[in-house]
Structure formats: structure tokens, C-alpha cells
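Asks: Pasting a structure here, questions to come.
The values are calculated or read from the model by the stated rules, or taken from the named source; none is laboratory data. These figures come from a predicted structure and were not determined experimentally. FYI the Cβ positions are ideal-geometry reconstructions off the backbone, even for glycines, and counts take in every protein chain you see.
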Amino acid sequence: MQNGQGLHIRYAIGIEKTMLEYPNIFIIGGTGFIGYHAVRLLLARGYHISTLSLPPLPAEGLFPVEVGITLADMNALSDSEIVKLFAGQDILIFAAGADDRTTPKKPAWRPLSLVLI
């Protein structure tokens, strides 16, 4: 649903708020395929974006300087480091997933050998 101010968030108790009331968005996986496009779209709509992404940065100048980019493996961060990253954020978007930085060098599976009887 939209009202011209932005997208709505519907809470379980039925209260609606526009996303523009929550301008600070943190995107985990912000430099990946889905995260990159989410960052660009949300920036164009006026949101303040911060990201946590795996190193290396796919390209220099990927985002404007106002995007806060932290390059680190989220699985290697301590709880307190993650809490610090989320401080001051209103919305969290999880867009992390497999890409060429996380794909194993060997297949993560092996085909079954079928024996015909």
C-alpha cells in the first residue's frame, strides 16, 4: 500500500508507518546482486544507507561517498561489533547470499552414483 510518501510497514498490531519516518537503513550484503540494486533504489528515494559486505569491494566508486560501507565477514565479527554497526539504524535488510566471493572452489555437492539393477 502507498500514500505518496513512501512504502508502508504494517506492524502486527495494525499500526502503519511510512518508511520515510525511518530514514536509516542498514543492508547486509549491500554490494551483492540484490543488495546493490536495493542500495541504489533506496538512495534515489532519499534514504541514508550503510552496508556490511564481504571484501573486496567489487569496484571502486561503486556507491556515492555518503553510503557507509563496512567490508568484513559478518560471521567473523563479534556480537559487540555487530551491535555497533547497527547503532542508529532504523531498518535492517538482509541481502547476503552466494556470489563469486562465497562460491566454493569445488562443488559443494557431488552427483549420486546410480546403480542400475
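Asks: Does the range 94-110 contain any residue that is in contact with a Pro (Cβ under 7 Å, 6 or more places away or on another chain), at pLDDT 90 or above and in a loop (DSSP other than H, G, I, E, B)?
Replies: No.
Asks: Something else: Name the residue that is surrounded by the most Cβ atoms within 10 Å (Cβ to Cβ), counting only residues in the range 52-70 that are closer than 13 Å to Ala96 by Cβ and not hydroxyl-bearing (Ser, Thr, Tyr).
Replies: Restricting to residues being closer than 13 Å to Ala96 by Cβ and not hydroxyl-bearing (Ser, Thr, Tyr), the top hit is Leu52.
Asks: Next question. Please give the number of the condition Ile9 fails out of (1) part of a strand (DSSP E or B); (2) at pLDDT 90 or above.
Replies: With (1) part of a strand (DSSP E or B); (2) at pLDDT 90 or above applied to Ile9, the lone miss is (2).
Asks: Search the range 54-79 for residues that are free of Cβ contacts under 8 Å to residues at least 60 places away in the same chain and on the phi < 0 side of the Ramachandran plot and pair each with any residue that is among the basic types (Lys, Arg) and assigned to a loop (DSSP other than H, G, I, E, B) when their beta-carbon atoms are under 6 Å apart and the residues are at least 6 apart or on different chains.
Replies: Close Cβ pairs (under 6 Å, with a partner that is among the basic types (Lys, Arg) and assigned to a loop (DSSP other than H, G, I, E, B)) amount to Leu54/Arg101.
Asks: Going through the range 40-53 one residue at a time, which ones are modelled with pLDDT of 90 or more and part of a loop (DSSP other than H, G, I, E, B)?
Replies: Tyr47
Asks: Separate question: Quick one: count up the residues across the range 43-59 that are under 14 Å from the mean Cα position of the chain (by Cα) and of a type in the set (Lys, Arg).
Replies: Looking only at that region, the number is 0.
Asks: Identify the single condition in (1) under 17 Å from Ile25 (Cβ atoms); (2) surrounded by 10 or more Cβ atoms within 10 Å (Cβ to Cβ); (3) modelled with pLDDT of 90 or more that Leu77 does not satisfy, given that it satisfies every other one.
Replies: Unmet condition: (1).
Asks: Given the condition crowded, with 18+ Cβ neighbours inside 10 Å, within 12 Å of Ala95 (Cβ to Cβ) and in contact with a helix residue (DSSP H, G or I) (Cβ under 6 Å, 6 or more places away or on another chain), answer yes or no: does some residue in the range 44-51 qualify?
Replies: Yes: one or more hits.
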